[in-house]
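Visitor: Here's a structure for you.
The values are calculated or read from the model by the stated rules, or taken from the named source; none is laboratory data. These numbers come from a predicted model, not from an experiment. Using ideal geometry, Cβ is built from the backbone for each residue, glycine included, and neighbour counts are taken over all protein chains shown. Note: areas computed on protein heavy atoms with side chains; ligands, DNA, RNA excluded. Shrake-Rupley method; radii C 1.70, N 1.55, O 1.52, S 1.80 Å.
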Amino acid sequence: MSVSAQPRLRAPDDEPGDETGTDLSRLKVVPSRHPWRWVGVVVVLVLVAMFVNGLVTNPGWDWPTFFKFFTAESILRAVVITLELTLYGTVIGFALGVVLAIMRLSRSTFLIGVSWTYIWAFRSIPLIVQLLFWFNISYLYQELHFGIPFGPTFFGVDTKDLISPMGAAVLGLALHQAAYAAEIVRSGIIAVDHGQLEAASALGIPKVHQFRRIILPQAMRSILPNAANEVISLFKGTSVVSVVAIGELFYQVQVIYGRNARVVALLMVATVWYIALTTVLSVIQHYVEKRYAKGATRDKAGWKWER
């Protein structure tokens with residue numbers, strides 16, 4: 001007597017059905033219904049319609065004043081200054097942040113300690129306090145001397161001439177940004193599988209090529225979303241610079257509505273400019289992420305991450 005574990009094969013002309021013999025092909029397919037989802041959609045649409053209606057019909061928004069100042073020369077100059085602060089703060093901040101991240105990942109206890117202390121200090125102090133400190137640095141040091149430490153000096157420079165209000169703003173933003181950029185870069189580098197570096201070393205690939213060809217492309221996928229968030233935060237954070245009377249966008253808006261008392265309309269001018277420029281930064285982030293996604297996705301265009 002023999003026992004077989006092979007399942008019984010169905011004849012090709014057998015009728016389709018389940019174990020109970022029910023013909024599944026004759027069952028009616030009913031799509032799932034989500035009534036509360038539609039209720040939520042209707043509620044959201046009604047709220048959006050009410051908001052748009054308020055924007056159009058409420059005279060308090062003062063749209064004539066908005067359109068009068070939206071492209072005013074003073075506002076456009078302020079937008080340029082805002083972009084300059086963002087650019088300088090981002091470039092200097094991330095350059096210093098990369099150095100701090102490398103120091104933090106080094107095997108030197110001294111370098112790790114210096115990097116950790118910098119990050120700890122500048123993340124602990126609010127940005128506005130740092131800006132006010134750099135703006136008032138000339139009260140502490142009227143003149144900066146260059147020479148031998150604790151010895152003779154060769155020449156000195158007036159601090160007010162060396163650090164202008166714009167320079168103090170850039171310095172404060174960049175040093176503050178560097179602390180966050182260092183942690184973003186470090187997190188991206190340590191996210192790369194260490195086994196790949198060991199394999200590269202075993203193959204005799206030089207350290208520089210390991211960093212350029214193996215670490216950097218993979219680390220950028222982790223760095224870019226967080227870095228883009230930081231750039232956008234820095235762009236909006238430039239409004240804090242208004243406390244030191246730099247003519248950026250928010251400061252200029254305050255100056256204008258301080259004269260004509262059209263607060264809401266001028267705040268809308270700043271709001272729309274911030275939204276428009278943030279949208280441009282988001283589009284740039286989209287394409288940069290798409291570029292570095294190539295090789296890690298099944299999409300030939302390099303867009304969607306592989307799940």
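Visitor: Tell me which residues, restricted to region 57-72, are assigned to a helix (DSSP H, G or I), closer than 18 Å to residue 275 by Cβ and without any contact (Cβ under 8 Å) to a residue 40 or more places away in the chain. Break it down stepwise before answering.
Guide: To start, the set of residues in region 57-72 that are assigned to a helix (DSSP H, G or I) comprises 57, 59-61, 63-70.
Now drop any that are not closer than 18 Å to residue 275 by Cβ, which leaves 61, 63, 66-67, 69-70.
67, the sole residue that qualifies.
Okay, residues lined up against (1) touching a residue at least 12 places away in the same chain (Cβ under 8 Å); (2) under 30 Å from residue 69 (Cβ atoms):
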site	(1), (2)
199	no, no
221	yes, no
234	yes, yes
238	yes, yes
241	yes, yes
248	yes, yes
257	no, yes
262	yes, yes
276	no, yes
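Visitor: Among 172, 156, 147, 151, which is modelled with pLDDT of 80 or more and not charged (D, E, K, R)?
Guide: 172
Visitor: For region 108-123, which residues satisfy the criterion of being open to solvent by less than 70 Å² (accessible area, probe 1.4 Å) and either in a helix (DSSP H, G or I) or among the acidic types (Asp, Glu) (or both)? Show your work before the answer.
Guide: Going through region 108-123, the residues open to solvent by less than 70 Å² (accessible area, probe 1.4 Å) turn out to be 108, 111-115, 117-119, 121-122.
Result: 111, 112, 113, 114, 115, 117, 118, 119, 121, 122.
Visitor: Would it be correct to say that residue 154 is free of Cβ contacts under 8 Å to residues at least 60 places away in the same chain and under 25 Å from residue 249 (Cα atoms)?
Guide: Working: free of Cβ contacts under 8 Å to residues at least 60 places away in the same chain: yes; under 25 Å from residue 249 (Cα atoms): no.
Against the criterion (free of Cβ contacts under 8 Å to residues at least 60 places away in the same chain and under 25 Å from residue 249 (Cα atoms)), residue 154 does not qualify.
Visitor: Kindly establish whether residue 190 is without any contact (Cβ under 8 Å) to a residue 40 or more places away in the chain and not basic (Lys, Arg).
Guide: Values: without any contact (Cβ under 8 Å) to a residue 40 or more places away in the chain: no; not basic (Lys, Arg): yes.
Here the answer is no, as residue 190 does not meet what is asked.
Visitor: Something else now. Those residues that are farther than 15 Å from residue 73 by Cα and at pLDDT below 90, I need them from region 243-258; list them, please.
Guide: Answer for region 243-258, where residues must be farther than 15 Å from residue 73 by Cα and at pLDDT below 90: 243, 244, 245, 246.
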